[in-house]
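Everything on this sheet refers to the single structure shown next.
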Amino acid sequence: MIGSQDEALKLRLKKMIIEECEKDEFAADDISDDVLLFSPESGLDLDSVDALQLSMSLQAQFNVRLTDPKEFRRVVTTINGLADYLQAE
Amino acid sequence: MIYIQQVALINHQQPEDVDVKAICKKVAPKFVRRTDRFIQLGILGVAQIQDKQAISENTALYLTSGQGNISVFKRLCDYRFIEKSPPKPVDFINSLSNTAGFYIAQFLGLNSKNNNLYNHGFVVEMALTLASSDLKLKKEQQILLGGVDQLFEPAEIAKQYLGLKPDVELGEGSNWMLLNREKENALASLEIITQSMNLQQVKAFMRSVEGDYQVAFALRCSELDINELMAKAEQTRFTYEQRVGFYETVALYALNNFIQTEKGLLLFIDYFEGQFRLIKLNVF
């Protein structure tokens, strides 16, 4: 199953973002699947320190190394986009 | 002589019962994310001062601590030696010496010097000495000086590290003074005796102080020394010890507590590794 269709995976990613970026005021449901995470539209107000934290969490939890900022920006777009990258099929 | 314009006291005798993050969420909701207990204690302390008096943006920030942000240091050690992983970026940032001052300055809107001060023993006296010099030399107009220490667990290891007896209770606190050179509207004046003394020199100094005054002792002072110093003294003792657990900057709590509850002169006697240091506080 492709990642963007895997609700459990997407829920896990949302919880990871909330926990690792200390966004306690958000619930998983508050994060849309198709909104750009690092954009004002997401309302998450994530910055470069969050990006660094998320790249470390992705490595720890999914064994994915995203050390190049360009690669990170290409992969960590939306929840759907990230899920598809992690689970291509 | 420097003057104390305002004070703030946060003193947790049983820190494990206090949810500092929850309190900080109410007082400074924007400063809960990425901060930890040490930084939050600092913010809560200065918030008390800000509630009572506006703090100008050129006020310098002098933060002192006996142990610094020891919990983040422990987390960094855990990452490095136990988990063998890199630290969380936020923990790494918070481990830098003046990060707490950065967040406190952001909270207050300060645009000034951010000094993080540590000394092996007499941390409060050394910070006050530097603040006093900088005010007298007109390097600073006004200084917000605070002592922040958080409970470090396990308590047994903390007591060993601090050189305390096993029966000593540990506490934590965030105690602040707004200092400047002007007597107008001041709550008290403060004089730091810069000379280290032995017991006999303290006795002689006590005899040389004119008029009535009270005496307070640091928690590191032994009962033996206290009894000897107070044996023939006419002064009364100001006691605060029942209200605190030990932390290195507790002297600031004692001074601020005296300012809030008493009038007149206090001689605060501190002790570390065989030496005494004195502070004279005069509450108007």
Criterion (of a type outside the set (A, V, I, L, M) and open to solvent by less than 10 Å² (accessible area, probe 1.4 Å)) met by exactly one of B:PHE284, B:PHE217: B:PHE217
Candidate set: the range B:18-42, residues that are of a type in the set (Gly, Ala, Ser) and more than 14 Å from chain A (Cβ to nearest Cβ); chosen: the one nearest to A:GLU19 (Cα to Cα): B:ALA28
Per-region count, the range B:168-200, residues free of Cβ contacts under 8 Å to residues at least 40 places away in the same chain and in the same structural domain as B:TYR62 (by TED's automatic domain parsing): 1
Qualifying positions in the range A:47-72 - over 19 Å from B:TYR79 (Cα atoms) and within 11 Å of the chain's Cα centre (by Cα): A:ALA51, A:PHE72
Tally, over the range B:1-19, of residues that are of a type in the set (A, V, I, L, M) and more than 16 Å from the chain's Cα centre (by Cα): 3
Members of the range B:114-131 that are buried (at least 17 other Cβ atoms within 10 Å of the Cβ) and farther than 23 Å from B:ASP36 by Cβ: B:GLY121, B:PHE122, B:GLU125, B:MET126, B:LEU128, B:THR129, B:LEU130, B:ALA131
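If we only count helices (runs of 4 or more DSSP H) wholly inside chain A, which ones have 3 or more residues that are in contact with a helix residue (DSSP H, G or I) (Cβ under 8 Å, 6 or more places away or on another chain) and away from chain B (no Cβ under 14 Å)?
Those helices (runs of 4 or more DSSP H) span A:7-20, A:79-86.
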Count of residues meeting criterion [part of a loop (DSSP other than H, G, I, E, B) and under 19 Å from the mean Cα position of the chain (by Cα)] in the range B:117-173: 13
Any hit, the range B:79-86, residues being within 14 Å of chain A (Cβ to nearest Cβ), part of a helix (DSSP H, G or I) and over 18 Å from B:THR249 (Cβ atoms): yes
The range A:61-89, subset touching a residue at least 40 places away in the same chain (Cβ under 8 Å) and of a type in the set (Val, Ile, Thr), residue surrounded by the most Cβ atoms within 10 Å (Cβ to Cβ): A:ILE79
Meets criteria (surrounded by 17 or more Cβ atoms within 10 Å (Cβ to Cβ), in a helix (DSSP H, G or I) and touching a Phe, Trp or Tyr at 6+ places or on another chain (Cβ under 9 Å)) for B:GLY66: no
Some residue of the range B:43-61 being small (Gly, Ala, Ser), more than 14 Å from chain A (Cβ to nearest Cβ), part of a helix (DSSP H, G or I) and closer than 16 Å to B:PHE152 by Cα: no
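So, of the residues in the range B:1-17 that are polar (S, T, N, Q) and open to solvent by 60 Å² or more (accessible area, probe 1.4 Å), which turns out to be farthest from the other protein chains (Cβ to nearest Cβ)?
Top of the filtered list is B:GLN13.
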Residue pairs meeting the criteria (Cβ under 8 Å; at least 6 apart or on separate chains; first of a type in the set (Phe, Trp, Tyr), in the range B:87-112; second modelled with pLDDT of 95 or more and not in a helix (DSSP H, G or I)): B:PHE102/B:ASN114; B:TYR103/B:THR35; B:PHE107/B:ALA28
Residues of the range B:96-107 satisfying the condition of being in contact with a helix residue (DSSP H, G or I) (Cβ under 7 Å, 6 or more places away or on another chain) and either in a loop (DSSP other than H, G, I, E, B) or within 14 Å of chain A (Cβ to nearest Cβ) (or both): B:THR99, B:TYR103
Only one of B:LYS203, B:LYS165, B:LYS232 that is surrounded by fewer than 21 Cβ atoms within 10 Å (Cβ to Cβ) and in the same structural domain as B:ASP19 (by TED's automatic domain parsing): B:LYS165
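The values are calculated or read from the model by the stated rules, or taken from the named source; none is laboratory data. On a predicted model such as this, the values are computed, not experimentally measured, just so you know. Glycine gets a Cβ as well: all are built from the backbone with ideal geometry, and neighbour counts include every protein chain shown. Please note that ligands, DNA and RNA were not included when accessible areas were found on the heavy atoms of the full protein model with its side chains. Shrake-Rupley method; radii C 1.70, N 1.55, O 1.52, S 1.80 Å.
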